[in-house]
Every structure is written in structure tokens, then in C-alpha cells.
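Everything below concerns the one structure shown next.
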Amino acid sequence: MKKLLLTHFLGFFLVLTAFSQTSTVTGVVKDAETGETLPFCNVFINNTTISTTTDLDGAYTLQDLQPGATEIGFSFMGYEAVTKQVTLNPGGTLTLNLSLKPLETELSDVEIKAKRDKAWERDLRKFENLFLGNDLVAARTEIENPWVIDFPPSEERNTFLASSQLPIELVNNYLGYKITFDLTEFFDNPVNYRISGAARFEEMEAGSSDQEQEWEKNRMEVYRKSPQNMFRAMIAGTHEKEGFFLYGDKPGGADSRNMRSDIFANELGKSVIPYKPEQLVAPADKPGEYWIYLKGRIEIHYQKGYSQQNTYRDAPYPVSWLEVNGGRVRVRENGMILNPQDVVFSGDMDRRRVASMLPLDYDAERAIQLQNLEKTAANYQERIYIHTDRPYYQEGEEVFFQAFINYGNPYLKNDLSEVLHVELLSEDRDFIFKKKYKIFEGAAGGSFFIPDSLSGNHFYLRAYTNWNRNYGPDHYFTKPILVIAPGQEVGKVNPSDGVSENVKVRTDKPHYGKREKVNLKINTQELSGKPLSARLSVTVYDLTQVQPVLEGAESVNLLALEKIPESVGLDRFSYAIEKSLNEQFLLKDQKGRGTAGNVTVFVNGFEGIVELEANRNGEFAMEEMEFYGPMRLAIQGVDSKGRPLPEVEYLESLPAPIASFPSVNWPKIIESGEKPILEKPSEEFVELEEVEVEEKAPSSSGAIYGNPDFVVTSEKIMATGSAVDLVNSLAGNVPGMRVTIAGASGKQQIRLRGGATSVFGSMEPVVMVNGAILVSGPDATAADNLRNINPNDIDRVEIVSRTVSMLGDQGRNGVIAVYLKDGMSSQQQMAIPSTISEFVIEGYEVPRNFFEFSYDTISEAPSQDLRKTLYWNGNLVRDASGEVEISFFTNDQAGPMRVEIRGLSLDGKPISGTFTINQANQ
């Protein structure tokens, strides 16, 4: 029996970020000696799959973290690994800057030790058993870089030590994880052992669906019989139901296990008895933490498992023993041990070491629910509902909305769509716009503007996912949107509150005056009155300016799941689940046919470069993108011989077909003849002081290649007179530039440096004109491209003789960047040969915040306050406390106000409530 001092907690940490405020950690990592930033440093939450790397400036950000105490690890090759303990506040951002110390031992010295002697190999086998464990999981776990491990001698007798200056890299083929372990301490002796360090988990990519299912099954199996699952079940009072049966030594029975028989039935009641204390679990002094009282030696039988090493002949399942210093274990609600130094395991649970570790963010509850889930259309359905801040709008106004998605099985939320398509359609089925919004944790929010020049008043807002299309048009969300023009208004209707489902509101006063603060409390609860955790959207609008029309079906009905027969599977579904943005393109040859080739994509004016390959049909794709707003692409294709190809076509995905719209009882529109009152700033003329503009030389700091090595101005180029050979003029002004004749072809070739052969066999620099790359090859050398440019049009030429890594293979021999004078005609620019195709693709819509107007904070009050929407929050989180309070200010109307609340509970219950407040001032 050994005392367990393992500082990693084996098990899971269920993170419910969808309905709680998360935290963020940001900072910069530097070299402790030089102060230089360290790019590509690993930053991770200890013992989880949550990680990132620092950017080129050494900066990092970890988002959507669970609040509370946590450990953040920093690991970089050649530097000492560091782990920092921090406490994260809900909704807060922690800045954690760090300086890493370089290792004293050079890496080359470590690498030389790759070949070890027989004594080291013997110690390694011992270390593997003690570090990884001695079970089936350990047998399928490998240490990929064992040569980084040293075994120093110990001053204590019978103590085995191990150390490593570099991270130990593990591949767990049983659970499907790669683990990078920064070992800080390891010792083992007959009394106890310690394995201390920081672990960064990475899920391995499964080679097949069968392998993925096997890994999920194995993870679930390891979790089910883990100490953490046992302690979690003890808190819930379900440990026996989940297979954990506890026994204690019977007073007066055999003190030693060696004196007992190997038949458990004979020992039960004789030497061991069921452990049934008066109080097994009690709350600790911190919320979410508990004491579990385990006095004496506890024998644990996990009867739902199987073991090849049987303690009893009539008990073919894992048996362990547990002793706790002080008689109690402190654990979190999820079963994670908080005082591991007091816990002593032996038997089956002692044989489980690092190989049996699961990351703390492993979602065991989700895995349990999905383990035997059938892949049916019913389980995988998505139902969408959109809540807008008002029922209708005027041309040019901004619409705020929140989309809620209900799932056939809530545990599939993270496996289904992450892209929401939102479209505005006319009643003639014409598209007004098509946009995409990011789905996160079953919701998507944002805004859009109504165009200010529309024909007609009747429009429809449509929303769906690509996966929705498998279920047909009835599964798309469609909402009628009324748009009125200036001089129009909607006929008055008598407001009536809708049916409230699981939500109540309460105001702090019965009525309010002009520009007065309103405090509104919202309660979401079960029919039994129990508080209900939920995500809500709340709008409050002025009923004197906005009529409550087009309310239609409540969200409760629209979010209701369809009853689909369980026999309907997913076999015939043809539309994929969209997890990210993907765009398709077609590379064409001179005859306009699709052809294979290599493709270079320059992103946003050469901010980044992507190298792709087109298949034999010319098809290629930019996949797994996540960006907001427009992205500019310049795409260049060449064939297998490096010859430029003339055209790239953008294969824009088609929207879902438009079915018939639902019948709508459109409200009456009245031509008032009055223009809307819009507050405009007064026109004042201010005489500006005369400013002298000084011409400055253009800066090249924004170029993709950075600062040039040489700059040749137009004056130097034209120094030889009107008849200028640009190639020879540059060669005379740029040290090291050579112009040679290539073999029998007689073509000139340029070299700026020693030169390295590219994948296309070229040793020439790349030629750019105003940032656009000109393709070179056997038929068009760099010299040919330069001679196609009129020297009289050149402002300057920048030369980079070094390798430009940002340009990939094309930049390995330097750059000649030509910048033309301002004011060139389009005809002149067309004379420059280029095979670059340019596109602008749209990403997710950029989120915009609703402006919350507050008379408490403004310095100067407006002359008029005619706000229609007084309050909007599309992402109001309701925690387990059952109540949340919002506040806003009335406008100058101070009339009745409409409160609309829509949302979903944690377990997928639709929430809907419509209320009218301030009716006394009507």
C-alpha cells in the first residue's frame, strides 16, 4: 500500500459555460534574460485540452474559461516550464505576463544522450511502470521521447528518482490523447510516491468512425471506475447504483488481508461489513465543495467492471482499498480530490497512473448520455427561433435579434451546426441580403440594417442551418417583417399580454414619468416554482410609437421539436453539418476547363498566405475558416510545370430554395404625410487654420516582406536618359544583382543572391507590382516581367535580397517590388500581365452592441428623446439563483411599454413572456 501524492486529478470537470459568465486570461511571454518576446510558446490550462500559443509578439489569450481557482502552464522548447496558480472572476479578464528562464543545459547536449546504456534502459522500464501505470491503458501508452528522462541517484535508501528538463511526450492509443507532460518531481519508495507536473492534452484524430467510438467507449470505461466518479456518486447518493460498494473492517475481525480467505462470501460479515456511516457526505465551508467521511480502511468493490487480477475468486471485478489521513476527503461537486496528500490508495486504483488520466474538461455526463444514442433524425434535429427587438421597422433602421436553437438531444449541441444563415426576402421571393452568424452554445445574435430604399412594405426574415435543409422548408424559421417608409405609420391596435411560460416580471414602481429609471426584476422558474437556469433575450419598446403587431406564434410553439419516427435515420441526409466557414473555387486552364495545379492565396493585401492544391477537376477549397466581416483574396494558380493559369472561379454556395411563405394578416398602413422627426446637428461653419502639407517619402513598413534591403528611385532609374532598360538599370544600382542568359533559350534570368531552387526549378526573385505578384516561369522570367513595365511610370523599386518566408516558396530568392506613380490610367495598369484573380468573401457578421442610454452618466441631455426600443439584451444569462434585474430609462413619451422575454432553459425548455408596464400613463 502506498500513499498517493499524485498532484494531477484523474477524472473530469464538467463545464457549463453556456449559462454562466466565463473568464479570460491574456498576457505576454518573454525571455527572462533578454526581454525579447517568445512567439509560439504553449499556454494551457493544466490537465485539460484548453490551450493556445503566443503570436509573433509573444501575446496570448485564453477565453471562455470556468471561473475559480485554476492552474495555467507555460512551456517552450529550451526554457524551463512554469505553472501559475490563479483565481478567475466571473466575467473578468486576468492579465498574466510571464518571463521564462532558458535551460542551463543546451538542447544539443540532451539530444546527444539519445543513446543510453543498459542501466538507463532498465531504469526506463521501471519508470514506465511507475509513471504510466500497470494496466491495459498503460500497455497501449507510449513515451515518444524517452531519451529526455534522467535517473539521478538518490540519497535516500530504496528511493527511485526521475527528472526531465524537456517535456515528456506521450501517445495514449487507448484513450486517443497526446499528452505533453512537464515533469517537475518524481520519486517512488516503499511508503509513497509523487508524480508532479503540468499536462497538456490534445485529442488525437481518429482514423475512422469505429476508432472514434472505441476511444469514447474507453474514456467512459476509465471514467466510470475512477475515484472521481466514485466521489461524485457519493455526493449524489448513487454510488451503489453506479457500481461502487463500500466495505469496512469489522471490529474484532482479521487485521491483515493476508489472514483472510480468497472467497469474499466467506469474509462478508466475518472480517468485513458494509460501510454505512451515519453521515457519509457533508457540505464544506465553500460552495460546491464537500467532505466525505471515510474512517478506517475502506474496501471498494466496483461491481460494474472486470479485472484479470482478482483479489477474491468469487469477485471478478476491480477491488481497491482506501485510507484517508484524518478520516475525511475534501472534494468538489464533480468528485475532484482537493486534499490528495491525505489519500492512500492500494489495489486496482493504485495501479492507475498517468496513462489513465482524463483531462479535467472531459465532459463525462455528455459522454454517458451519448454513449448509446441512436443516430436518428429526431435526435439530430435543430429548431430555430429568432427574437427581434421590435415587430416592425422604418427604412434605414437597425434590427437587433437573438436566435435560439433547440436540439433533439441537448448533449449534441456541440456536435451540430455552428453557422446560422439569416436572409431578408421580399414577398416576391427576391433576396434583400444574405448573412452568416456564428452559433455558440445554441445561440447566435447580432444586428443588421434595413436598406433605406426598399420597394414595398412586406418582407420575411428567414433563418436556417445547412443541416436544417435535410429536414425540408418546414424546419426553416420564417418571420414576417413589416418595413414602413417615411411618412407612413401603422394603424393602432389594442395590446394584450401573451401567455407567460416559465417567466415572471416585477417593476419597482407602478408607473414612471419622462426620462425616469425603470428597475425590472425577471424570474424564470419551473411550474413548481423551482428556479430555472436559462439564457434569455429581453426587449422593451415604447407602445406609443410602436404597435404590437405581427406577434404570430409564440416561441414556445416555434421551438417545439417535431415528432419524427425513430426509424428515420441519417443515411439519406446530403447536407453536411457546418462547423466553420468553407469556400469553394475552380482553377481553369486557357480553354476554360477545370485543371489540376498549385494555388497560392494572398489574404487581405498579403497579410497572410495559404498554399493549396486543386484536384484534377480544378476544385480546391478554403476550409475551417473563422473570420468576421469581408476578406479580400488574391488567388494565383500555376500548373505542374510552374506555368501561370489564367483564371480562378469562385463557386458561391447556393441558398436554400424558397418555399411558399406562411399566410400573414398584415396590419394596415396609414399614409400620415408627416416625415419622421430626426434630430440633426446644427450647421456651423468653422474657419480652419491653414495647414502646410509636407511631402514624405513613401514607407514600405506595411509590405509583406517588411523593410527592403535597397530602394531604387525613379531618378536613378532614368539617370541614363529616355531609352532605359529597366533590368540593366536595376543591375547597376543594386549590389549583388546579376543578369545571365539561360541556355539555348536566350532568355535573361535575374539573381539577387546565391539562390536556392524553388519547387518549380526557379532561382529568380519574385516580381511584384503595387503589391500584386507577377507569375514567372519558363515562358515568363522575372526579366520578362520587368521589361513589360514602362520605366516612366515607376515611382520606385524596392529590392529584398533575403528570403521572404511570408511568400512561401516564391519568396525564397528575394523580391523585386515595383511601385507605380499615382494617377496611372486603367489602360496602363491593364498592360501589366497578371494572372491573379481577386475576390471578396463575407465572413460572420461583426457583432454590434445595443446602445444603452443612461441619464445617470451623460453630461448633456438631448433636446428630444424619441427612442423606440428602450432596452435590448439578447444574451441575458439566468443562473441558478432564479432572479435577475435589469434597468433602463423611459423616453419623453413616458407611456405604456411592452416587455418581451424569450429564451431557452438549460435543459431545452422554451421560455416566453409578454407584459405591458406603465399602463397608468396610457
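The values are calculated or read from the model by the stated rules, or taken from the named source; none is laboratory data. Because the structure is predicted, anything quoted here is derived from the model rather than measured. We place every Cβ from the backbone using ideal geometry, glycine too, and count neighbours over all the protein chains shown.
Look at residue 281 and say whether it is more than 30 Å from residue 540 (Cβ to Cβ) and either touching a Ser or Thr at 6+ places or on another chain (Cβ under 6 Å) or modelled with pLDDT of 90 or more (or both). So residue 281 fits the description; yes.
Condition (residue is surrounded by 12 or more Cβ atoms within 10 Å (Cβ to Cβ), closer than 18 Å to residue 322 by Cα and free of Cβ contacts under 8 Å to residues at least 12 places away in the same chain) applied to segment 234-251: is it met by at least one residue? Yes; the residues of segment 234-251 include at least one that is surrounded by 12 or more Cβ atoms within 10 Å (Cβ to Cβ), closer than 18 Å to residue 322 by Cα and free of Cβ contacts under 8 Å to residues at least 12 places away in the same chain.
Filtering 303, 308 for residues that are surrounded by fewer than 16 Cβ atoms within 10 Å (Cβ to Cβ), in contact with a strand residue (DSSP E or B) (Cβ under 9 Å, 6 or more places away or on another chain) and assigned by TED's automatic domain parsing to the domain that holds residue 242 leaves a single hit, 303.
Could you please give the count of residues in segment 605-643 that are assigned to a loop (DSSP other than H, G, I, E, B) and under 22 Å from the mean Cα position of the chain (by Cα)? Total satisfying the criteria: 4. Do we have any residue at all in segment 279-294 that's polar (S, T, N, Q) and either part of a strand (DSSP E or B) or in contact with a Pro (Cβ under 9 Å, 6 or more places away or on another chain) (or both)? No, there is no match, as no residue in segment 279-294 is polar (S, T, N, Q) and either part of a strand (DSSP E or B) or in contact with a Pro (Cβ under 9 Å, 6 or more places away or on another chain) (or both).
Please tell me if residue 367 is of a type in the set (Gly, Ala, Ser), under 28 Å from the mean Cα position of the chain (by Cα) and either modelled with pLDDT under 95 or more than 30 Å from residue 571 (Cα to Cα) (or both).
yes
Taken across segment 190-199, residues that are modelled with pLDDT of 90 or more and polar (S, T, N, Q) do not occur at all. Filtered by the rule that a residue be within 31 Å of the chain's Cα centre (by Cα) and part of a strand (DSSP E or B), segment 459-498 gives 461, 462, 463, 464, 477, 478, 479. All conditions in (1) within 25 Å of the chain's Cα centre (by Cα); (2) not in a helix (DSSP H, G or I) hold for residue 372, with the sole exception of (1). Out of the residues in segment 506-535 that are at pLDDT below 90, surrounded by 16 or more Cβ atoms within 10 Å (Cβ to Cβ) and among the hydroxyl-bearing types (Ser, Thr, Tyr), state the one that is farthest from the chain's Cα centre (by Cα). Taking the candidates together, the pick is 524. Inspection of segment 381-397 identifies at least one residue that is without any contact (Cβ under 8 Å) to a residue 60 or more places away in the chain, out of contact with any helix residue (DSSP H, G or I) (no Cβ under 6 Å at 6 or more places or on another chain), more than 30 Å from residue 335 (Cβ to Cβ) and not acidic (Asp, Glu). Checking each residue in segment 587-632 for being among the acidic types (Asp, Glu) and closer than 25 Å to residue 438 by Cβ picks out 607, 623, 624, 626. Quick check on my filter: what residues within segment 139-192 are hydroxyl-bearing (Ser, Thr, Tyr) and closer than 23 Å to residue 203 by Cβ? If the condition is that a residue be hydroxyl-bearing (Ser, Thr, Tyr) and closer than 23 Å to residue 203 by Cβ, then 141, 174, 177, 180 are the ones that fit. Applying a threshold of 8 Å to beta carbon distances and a minimum spacing of six or more residues, or different chains, the list of pairs starting in segment 60-72 at a residue that is at positive phi and not assigned by TED's automatic domain parsing to the domain that holds residue 331 and ending at one that is at pLDDT below 90 and not in a strand (DSSP E or B) reads 64/17; 64/22. Here segment 270-308 is the region considered, the condition is being among the polar types (S, T, N, Q) and touching a residue at least 40 places away in the same chain (Cβ under 8 Å), and the residue that is nearest to residue 245 (Cα to Cα) is 303. Annotation for segment 453-472: no member residue is touching a helix residue (DSSP H, G or I) at 6+ places or on another chain (Cβ under 8 Å) and closer than 17 Å to residue 391 by Cβ.
Only strands (runs of 3 or more DSSP E) whose full extent lies in segment 842-922 are considered here, and the ones with at least 2 residues that are aromatic (Phe, Trp, Tyr) are 869-878, 883-889.
Quick grid of which residues meet (1) at positive phi; (2) crowded, with 20+ Cβ neighbours inside 10 Å; (3) in contact (Cβ under 8 Å) with a residue 24 or more places away in the chain:
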residue: 451; (1), (2), (3): no, no, yes
residue: 455; (1), (2), (3): no, no, yes
residue: 461; (1), (2), (3): no, no, yes
residue: 468; (1), (2), (3): no, yes, yes
residue: 475; (1), (2), (3): no, no, yes
residue: 478; (1), (2), (3): no, yes, yes
residue: 487; (1), (2), (3): yes, no, yes
residue: 491; (1), (2), (3): no, no, yes
residue: 500; (1), (2), (3): no, no, yes
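In the set 154, 196, only one residue is of a type in the set (Ser, Thr, Tyr), under 40 Å from the mean Cα position of the chain (by Cα) and assigned by TED's automatic domain parsing to the domain that holds residue 136; that residue is 196.
Residues in segment 324-334 that are at pLDDT 85 or above and under 24 Å from residue 365 (Cβ atoms): 329, 330, 331. Comparison of 546, 538 shows that the only residue that is crowded, with 16+ Cβ neighbours inside 10 Å, of a type outside the set (Ser, Thr, Tyr) and within 15 Å of residue 896 (Cα to Cα) is 546.
Okay, residues lined up against (1) out of contact with any helix residue (DSSP H, G or I) (no Cβ under 6 Å at 6 or more places or on another chain); (2) touching a residue at least 24 places away in the same chain (Cβ under 8 Å); (3) of a type in the set (Val, Ile, Thr); (4) farther than 22 Å from residue 127 by Cα:
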residue	(1), (2), (3), (4)
179	yes, yes, yes, no
182	yes, yes, no, no
185	yes, no, no, no
190	yes, yes, no, no
193	yes, yes, no, no
200	yes, yes, no, no
212	yes, yes, no, yes
228	yes, yes, no, yes
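Within segment 573-586, not a single residue is more than 30 Å from the chain's Cα centre (by Cα), surrounded by 13 or more Cβ atoms within 10 Å (Cβ to Cβ) and either more than 30 Å from residue 851 (Cα to Cα) or of a type in the set (Phe, Trp, Tyr) (or both).
Within segment 114-121, identify whether any single residue is at pLDDT below 95 and under 40 Å from the mean Cα position of the chain (by Cα), and answer yes or no. Yes, segment 114-121 contains a residue that is at pLDDT below 95 and under 40 Å from the mean Cα position of the chain (by Cα).
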